[in-house]
Amino acid sequence: MEDALSDTLDLVDINAAVYFQREFSAPWGMAVGDTGFAQFHMVVTGQAVVHYQDQTLWLSPGDLVLFRHGADHAIADHPDSALLPGQAVVAGLMSGQDVFEGQGQRSTLICGHFAYSHGEHHPLFADLPNLIHVTADQALGAEPLMTLLQTMIRESRQAQPGYAAIVHRLAEAVFAAILRGALGAQTRDASFLAGLREPRLRRCLDHIHRASPDTPSLEELARIAGMSRSALAYSFKTTLGQGPGEYATRLRLMKAARALRRAEQSIEGVGLSFGYHSAAAFSRAFKAMYGQTPSEYRGALS
């Protein structure tokens, strides 16, 4: 049976690139610019410190940081270490140069980025903080997570038949693991992840996703949650920022958009599949959320 987080990630296209896995000797440091991608750094051995805006985080082996939109930040062995531009470091490593070969403590890093699209209408991506810090134990465990990333590196370099599909699937697995870790690390009061942390709301979210495109009644959800209808409606609204019915409608339209992207059905067929008994009703609902009619949305993809 599918859970809400897995079903949500299935609506999003996720790809990844791993820049390098490399051992540096202190002193070392990189000033990383905003690339627009979701950049990540994982410490395999040693330690690192990340500075972002007014936050300073010390990372231990197995720790990972993700900047969900990309952002200017620095990562180094020590807050006082000199910083080289991140692009220059990557270029140097790719050309075989010895970078950061000092005499101090050695640290091994895996660095790269995720690129994802079509998630902007789901509260999961709207509510994530720009900086996510998880330990590997909060995700899959240090060794399994490192193995996935190392496999991505090997497949990308060897470029054997089917490598792109393998890297794509591994990227989805790593990203899902990071979000699972964020369930424990996330502290914002109102968010999709906060809903998943609360067992009663998680049961409701799972049920909404399994029932989609149908919309479960508030009475049905209240029974699943073991709450009164008013208590559930209040808790759902305050935690996720929208009511159960609104959430179910947005989910249905996101699934309809995915069907439009796949182009396996006519626009009218997609609308009927997702509970809209007239093309006009489907078009109005879709445009209210996406700012385009279904035909405009599909046409923009070609």
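The values are calculated or read from the model by the stated rules, or taken from the named source; none is laboratory data. A quick note: this is a predicted structure, and the numbers were derived from the prediction, not measured. Every residue, glycine as well, gets a Cβ built from its backbone with ideal geometry; the counts of neighbours run over all protein chains shown.
In this structure, is Phe20 touching a Leu at 6+ places or on another chain (Cβ under 6 Å), modelled with pLDDT under 90 and closer than 20 Å to Gln87 by Cα? Against the criterion (touching a Leu at 6+ places or on another chain (Cβ under 6 Å), modelled with pLDDT under 90 and closer than 20 Å to Gln87 by Cα), Phe20 qualifies. Residues that are of a type outside the set (Gly, Ala, Ser), more than 30 Å from Ile208 (Cα to Cα), within 22 Å of the chain's Cα centre (by Cα) and not assigned by TED's automatic domain parsing to the domain that holds Arg203: does the range 85-99 have at least one? No, every residue in the range 85-99 fails to be of a type outside the set (Gly, Ala, Ser), more than 30 Å from Ile208 (Cα to Cα), within 22 Å of the chain's Cα centre (by Cα) and not assigned by TED's automatic domain parsing to the domain that holds Arg203.
Applying the condition of being under 19 Å from Phe20 (Cα atoms) and within 11 Å of the chain's Cα centre (by Cα) to the range 114-138 and asking which residue is surrounded by the fewest Cβ atoms within 10 Å (Cβ to Cβ) yields Ala115. Return a yes/no flag: does the range 196-217 have any residue that is surrounded by fewer than 15 Cβ atoms within 10 Å (Cβ to Cβ), under 16 Å from His122 (Cβ atoms) and either touching a residue at least 12 places away in the same chain (Cβ under 8 Å) or β-branched (Val, Ile, Thr) (or both). Looking through the range 196-217, none of the residues is surrounded by fewer than 15 Cβ atoms within 10 Å (Cβ to Cβ), under 16 Å from His122 (Cβ atoms) and either touching a residue at least 12 places away in the same chain (Cβ under 8 Å) or β-branched (Val, Ile, Thr) (or both).
Which residue, of Val18, Val43, is touching a residue at least 24 places away in the same chain (Cβ under 8 Å), touching a Pro at 6+ places or on another chain (Cβ under 6 Å) and assigned by TED's automatic domain parsing to the domain that holds Arg157?
Values: Val18 fails: touching a Pro at 6+ places or on another chain (Cβ under 6 Å).
Unique residue meeting the criteria: Val43.
Which of the residues spanning the range 213-252 are assigned to a helix (DSSP H, G or I), polar (S, T, N, Q) and within 24 Å of Phe286 (Cα to Cα)?
Step one: list which residues in the range 213-252 are assigned to a helix (DSSP H, G or I), which gives 218-225, 229-240, 244-252.
Then drop every residue that is not polar (S, T, N, Q), which leaves 230, 235, 238-239, 249.
Residue satisfying the conditions is Thr249 alone.
Under the condition of being among the hydrophobic types (A, V, I, L, M, F, W, C) and free of Cβ contacts under 8 Å to residues at least 24 places away in the same chain, the residues counted in the range 262-297 number 5. Test Ser107 against the criterion of being among the hydroxyl-bearing types (Ser, Thr, Tyr), part of a loop (DSSP other than H, G, I, E, B), in contact with a Phe, Trp or Tyr (Cβ under 8 Å, 6 or more places away or on another chain) and modelled with pLDDT of 90 or more, and give yes or no. Criteria not met by Ser107. Of the residues making up the range 23-40, those that are closer than 18 Å to Phe114 by Cβ and either not assigned by TED's automatic domain parsing to the domain that holds Pro79 or not acidic (Asp, Glu) (or both) are Val32, Gly33, Thr35, Gly36, Phe37, Ala38, Gln39, Phe40. Here Thr56 passes the criteria (1) buried (at least 18 other Cβ atoms within 10 Å of the Cβ); (2) free of Cβ contacts under 8 Å to residues at least 24 places away in the same chain; (3) of a type in the set (Val, Ile, Thr) except the one numbered (1). For the range 122-171, a residue qualifies if it is under 13 Å from Leu66 (Cβ atoms), in a loop (DSSP other than H, G, I, E, B) and either not polar (S, T, N, Q) or not assigned by TED's automatic domain parsing to the domain that holds Tyr19 (or both), and the qualifying residues are Leu128, Pro129, Ala139.
Filter the range 65-82 for residues that are among the aliphatic types (A, V, I, L, M) and crowded, with 16+ Cβ neighbours inside 10 Å; which is nearest to Pro27 (Cα to Cα)? Here the answer is Ala76. In the condition set (1) modelled with pLDDT of 85 or more; (2) on the phi > 0 side of the Ramachandran plot, Ala159 is compliant with all but (1).
Return a yes/no flag: does the range 244-259 have any residue that is more than 19 Å from the chain's Cα centre (by Cα) and either closer than 30 Å to Asp137 by Cβ or of a type in the set (D, E, K, R) (or both). Yes, the conditions are met somewhere in the range 244-259.
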